[in-house]
Every structure is written in C-alpha cells, then in structure tokens.
Amino acid sequence: ASATRPRTSPAGPPLARALREGPALRRALAAAQAAGRPFALVHTAPLPAPRGLPLPCTLTLHDLRALSLEHTPFSRRFVAKSVIGAAVRGARAVVCVSETVAGLVRDVFRPRALHVVPNAGDHFVALPRSPGADAPLLAVGHLEPRKNLALLLHALALDPGLPALALAGAAKEG
C-alpha cells in the first residue's frame with residue numbers, strides 16, 4: 001500500500017483479520033491521538049484486541065456457533081474456544097445480544113463483566129401500522145438451523161390464519 005492510501009483490515013478469513021487488525025488499530029489510534037481526538041475505548045468483535053493497547057477494550061459476541069455447530073470441525077471448535085476465551089479474558093466487559101448467548105458466555109468463559117444489549121429495536125415504542133391483507137411474514141438471514149426457522153414453520157403449520165412466509169437469505173458458507 002502507498003503512503004497516501006490506508007491499508008484496510010480484511011473481513012476474513014479470521015487468521016488474516018487477526019494478523020492485520022492489530023497494526024490497523026494501532027494506526028487508527030495514533031492518527032486520532034495526533035489529531036487531538038484520542039479514543040477512550042476500543043471495541044472488538046469477536047477477535048481479541050491486540051496485546052498492549054493503552055486503552056480498555058470491550059467485546060461483543062452475537063453467538064458461540066463456532067463452538068457448537070455439529071458440522072464445525074473439531075480443530076475449528078478448539079481454535080475458536082481459545083480465540084474467544086482470549087478475547088473474553090482481555091475485555092474489560094463483554095456485550096451479548098441475548099440472554100441465551102450471555103448464559104453460554106458466562107458458563108464457558110466467566111467474563112469479569114457481562115451486559116446484554118439486544119440486537120434489535122425492542123426498546124422502541126411500536127408505531128401503529130396497517131399491513132395489507134396480503135403482507136407476508138419476512139424472515140431475513142442465513143438459512144441455518146441455529147436461526148430456528150423450524151419454529152416459525154411449525155407456527156405457520158399450526159395456524160392457517162397466519163400470513164404467507166417470505167424468506168430472504170442464503171445458505172451459510174463455511
């Protein structure tokens with residue numbers, strides 16, 4: 001990369017991210033400090049923060065699927081447990097998006113501070129709405145067992161008065 005074009009941190013695979021996120025984060029912290037707008041906190045998800053950062057770090061975990069999916073190879077589950085464990089141990093606090101994930105994180109990793117912050121707008125007041133008679137139920141996301149579409153399909157089978165189902169997603173790769 002040239003001196004004028006910043007290097008980016010890749011979205012994946014995880015090993016590539018882990019190797020490049022530390023230097024990218026250190027450059028961002030230094031640039032903010034030099035500009036007189038230093039950061040007070042670093043937030044990561046789900047890789048551990050690089051060692052030796054001069055700031056407290058927090059971590060968000062949406063799930064622990066890498067530890068529990070039946071089709072995940074043992075080697076990947078083993079590495080994931082080690083990586084997630086290091087991230088939890090290094091975090092000042094861990095944020096989970098559900099009580100279910102928080103319970104798993106608490107049981108497996110015992111973080112020093114754990115907070116549940118739902119990954120949804122359930123804290124907003126619902127506005128009045130009038131859906132059309134043919135408005136479907138919409139399920140958005142990867143099509144995989146942990147998303148529990150079976151429960152939705154079961155509910156639809158039990159109540160023929162429910163609207164049609166529209167799925168927007170694809171099979172999860174890797």
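The values are calculated or read from the model by the stated rules, or taken from the named source; none is laboratory data. Predicted model only: the values in this text are computed from it and were never measured. For neighbour counting, all protein chains shown are included, and Cβ atoms are generated from backbone atoms with ideal geometry for every residue, glycine included. When the accessible area is computed, the model is the full protein with side chains, heavy atoms only, and any ligands, DNA or RNA have been set aside. Shrake-Rupley method; radii C 1.70, N 1.55, O 1.52, S 1.80 Å.
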Percent accessible area from carbon and sulfur atoms, region 25-92, protein chains only, probe 1.4 Å:
61
Given points 7 Å out from each Cα along the Cα-Cβ axis, report the Phe74 to Ser98 separation in nanometres with one decimal.
2.9
Starting from one equal scatterer on each C-alpha and no solvent at all, send me the Debye-based log10 I(q)/I(0) for region 18-83 at q = 0.23 Å⁻¹, two decimals.
-0.99
Accessible surface of His154 in the full protein assembly, 1.4 angstrom probe, to the nearest 10 Å²?
100
If ligands, DNA and RNA are left out, what is the accessible area of Lys81 with a 1.4 Å probe, given in Å² to the nearest 10?
110
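Given the peptides 49-59, 156-166, arrange them by the average over their residues of other C-beta atoms within 10 Å, most packed first. Don't jump to the answer; show the numbers that get you there.
On the way: 49-59: 15.3, 156-166: 10.2.
Order by mean packing, descending: 49-59, 156-166.
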